[in-house]
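What follows is calculated from the coordinates using simple rules that are stated; it is not laboratory data. Since the structure is predicted, the reported quantities are computational estimates derived from the model, not experimental observations. A quick note on method: Cβ atoms are made from the backbone with ideal geometry, for glycine too, and the neighbour counts reach across all protein chains shown.
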Amino acid sequence: MTDADAAGFRSGDVDAFRALVDRWSPRLLAVALAYVDDRDVAHDVVQDAWLRAWERRGQFSGRGSLLGWLITITRNTALTRLRRARSRDAVSPGELPSPGTPAKPDVALERIAARRAVLDAIDRLPNRQRETVILRLIEGRSTREAAALLGCAEGTVKATLHRALANLTPLLEDWAP
Amino acid sequence: MSCPDTTALIDLTLVLGDRPEEALRHVIDCPDCRSVLGAAARIRHLHAGEPVRPGFTDGVVQALGRQGTETAESDRGRGLGRAAWWAAHVVLVGATAFMTSVLAGTTAQIRPGPRAVAISILAGAAITILQHRDRNRRSLPDAPSSIQSGLS
């Protein structure tokens, strides 16, 4: 993705949108898979998130991380779907496990829960720290690029990233990739 | 050769400065630095991306086209519905205002003329607009804070 694609997306250019979908969907699928364990459902979540992003493209200011904005939309879309699924489960007792069924340790679910905890922790960071983590660690932007996008000095980016990682470290120690 | 990527290590020297051995020794000996670097690596790993199914991008762009058509159709329908709603509301409120003025005129023994009809219709339109503005102000949805965090 180039910054021109981001600008094109904001102005409603479908080719720029296609380039973004191509580029960022794998990242967004990883986010969706932190909330749902079914790959087909996760693909649906990402597709819905892209359509919502397109509808709301005028709301993205152009400053900060476009990927960060897309991650937030994907996460919210996944959470909405999860809530709907839970409320459906609540009214269909036939699908609930019978009492006395021993709980089976499910590695996949544990992994989803751990991934979700990390994403939730990033989402709870103060806005500037969250943006910095996304730009530097997830988008892989240089300190200079991140500073230009955030409108601050490079030293501020370094200090903010350090503070963000200090906040996240205790949460990430239990999570092994 | 089992050495890590040399290019990446050369890049690292730009960060570690002119005494890379010293800086690396510090990282190895300092638990705080180690855990912060570990956290950064885990965040990167978490967001490394998952392969999407073939044709996913085309599917999204096609869905966008379908959504665009549906939105245009529903906007057209909504536009016609809104015009009908406004007309009905103005007539209803205007008629109410007219009946009120007739009743008031009967009490005061005054016959309502064309001016009373015009004033009633204008009053109806004004009341409708004021009601609509007030309802809009009360029903503005709050965007979720997490969405707002991505906007500035």
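Most tightly packed first, judged by the mean number of other beta-carbon atoms within 10 Å of their residues, the peptides B:56-64, A:61-69 read A:61-69, B:56-64. Remark: mean inter-chain Cβ contacts per residue of B:33-42 equal 6, using a 10 Å Cβ-Cβ cutoff to other protein chain atoms.
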